[in-house]
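One structure is given here, and the rest of the page talks about it.
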Amino acid sequence: MQIVRFPHPALRFESVPVREINAGLRAIVRRMFDLMYEANGIGLAANQVGLPLRLFIINPTGDRDVGDQEFVFINPQILKRNGSEAAEEGCLSLPSIYGDVRRAERISVEAFDLKGRSFRLDLEELHARVVQHEYDHIDGVIFPDRMTDDDRSEITEQLAAMETVFREAQTSGELPSDEELLAEIQAMADGKHALPTV
């Protein structure tokens with residue numbers, strides 16, 4: 001399991017609900033935290049590791065030693081959004097690319113944890129922003145989609161360069177084609193293909 005990079009088709013896949021919380025899923029979540037910390041991130045969605053699941057993790061401190069700030073959101077729903085604020089964002093699937101994104105200042109979110117318990121959080125500032133960013137991911141939305149046209153034009157060349165690297169890897173056979181990747185993602189979403197073991 002590894003973090004996929006733009007324009008991997010998993011990043012545009014609208015994820016499906018998690019059907020079962022089991023040992024396999026808990027192992028995937030632990031591996032996601034490891035990958036997030038290794039990449040100096042503060043949030044990671046399942047489709048950023050190629051899994052079409054409505055699941056993401058956050059730790060706004062970015063510090064693996066601050067365990068009480070680790071949150072797992074399974075089948076989340078954002079119930080309320082209030083206020084509006086623009087701030088710079090980045091993404092582990094688009095390394096070295098940053099841009100201003102306007103999001104709600106405060107949100108209420110409901111989800112399940114790894115024990116299958118429902119919980120609700122009222123979040124603001126960075127916590128609210130990270131959750132909104134990751135929630136977008138499981139809907140197949142990446143942060144440049146939320147940028148203004150003028151701001152997005154400033155990163156067009158960087159996005160194009162990333163796409164070139166990705167397509168060259170496909171041409172060389174290092175990566176499967178989009179069609180093959182999508183077929184595997186869809187098979188996992190349909191329950192016809194087991195999730196990877198970690």
Taking the conditions exactly as written (touching a residue at least 60 places away in the same chain (Cβ under 8 Å) and part of a helix (DSSP H, G or I)), does LEU25 satisfy them or not? yes
Go through the residues of region 92-107 one by one and say whether even a single one is modelled with pLDDT of 95 or more, hydroxyl-bearing (Ser, Thr, Tyr) and surrounded by 22 or more Cβ atoms within 10 Å (Cβ to Cβ). yes
If a residue has to be among the polar types (S, T, N, Q), more than 18 Å from ARG54 (Cβ to Cβ), touching a residue at least 12 places away in the same chain (Cβ under 8 Å) and assigned to a helix (DSSP H, G or I) to count, how many in region 157-198 make the cut? 1
Per the filter on region 131-163, residues more than 22 Å from the chain's Cα centre (by Cα) and within 17 Å of PRO95 (Cβ to Cβ) are GLU154, GLU157
Considering every residue within region 55-67, establish whether at least one is out of contact with any Phe, Trp or Tyr (no Cβ under 8 Å at 6 or more places or on another chain) and not in a loop (DSSP other than H, G, I, E, B). yes
Among the residues of region 15-33, write down those that are surrounded by fewer than 14 Cβ atoms within 10 Å (Cβ to Cβ) and in contact with a Lys or Arg (Cβ under 9 Å, 6 or more places away or on another chain). PRO17
Please find, among SER84, SER108, SER96, the residue that is at positive phi and of a type outside the set (A, V, I, L, M). SER96
Considering every residue within region 63-85, establish whether at least one is under 20 Å from GLN2 (Cα atoms) and among the small types (Gly, Ala, Ser). no
Could you run through region 168-198 and say how many residues are farther than 21 Å from ASP139 by Cα, surrounded by 11 or more Cβ atoms within 10 Å (Cβ to Cβ) and aliphatic (A, V, I, L, M)? 3
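The values are calculated or read from the model by the stated rules, or taken from the named source; none is laboratory data. Predicted model, so just to flag it, every value in this text is computed and none were measured. Note that we place each Cβ from the backbone using ideal geometry, even for glycine, and neighbour counts take in every protein chain shown.
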